Amino acid sequence: MILIHASREYGPGDIITFRDSGELVTHRIISETREGFWVQGDANNVKDGEPVREENIIGKVVWILPGLGTATAYVRSGKGILILAAAVLLASMLTGRGRRREERYGE
């Protein structure tokens, strides 16, 4: 998961998020030309096929939270929701919320 912020200036070394054919993409700027910014993903061997124009840039990455995106995606999955619901139910039972009324109030 990342946090991005719009900036007035972008340059080589900045990690930016931009729109590409309706999708959001996050890559590092490797150079700047009159046509725009050449970018490349950190896990890629070659730069992207076309430069990114400044009007397509959403913002610059200012904070990276490693692993949080993966955890969030897992919790949103069917299996993750089931596990989360089971954990809430188990915690409820262990804290006494699942006990009968008579046991809680000594009746």
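The values are calculated or read from the model by the stated rules, or taken from the named source; none is laboratory data. All figures in this text were calculated on a predicted structure; none of them were measured in a lab. For neighbour counting, all protein chains shown are included, and Cβ atoms are generated from backbone atoms with ideal geometry for every residue, glycine included.
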Exercise. Please go through region 58-88 and pick out each residue that is assigned to a strand (DSSP E or B) and among the basic types (K, R).
Key: K60
Self-check item: Matching residues, region 19-57, being assigned to a strand (DSSP E or B), exposed (fewer than 12 other Cβ atoms within 10 Å of the Cβ) and free of Cβ contacts under 8 Å to residues at least 24 places away in the same chain
Solution: E23, T33
Quiz item: Filter region 58-76 for residues that are modelled with pLDDT under 85 and surrounded by 11 or more Cβ atoms within 10 Å (Cβ to Cβ); which is farthest from G11 (Cα to Cα)?
Solution: V75
Self-check item: Number of the condition not met by G80 [criteria: (1) touching an Asp or Glu at 6+ places or on another chain (Cβ under 8 Å); (2) surrounded by 14 or more Cβ atoms within 10 Å (Cβ to Cβ)]
Solution: (1)
Quiz item: If you scan region 1-18, which residues turn out to be modelled with pLDDT under 95 and surrounded by 13 or more Cβ atoms within 10 Å (Cβ to Cβ)?
Solution: M1, I2, I4, S7
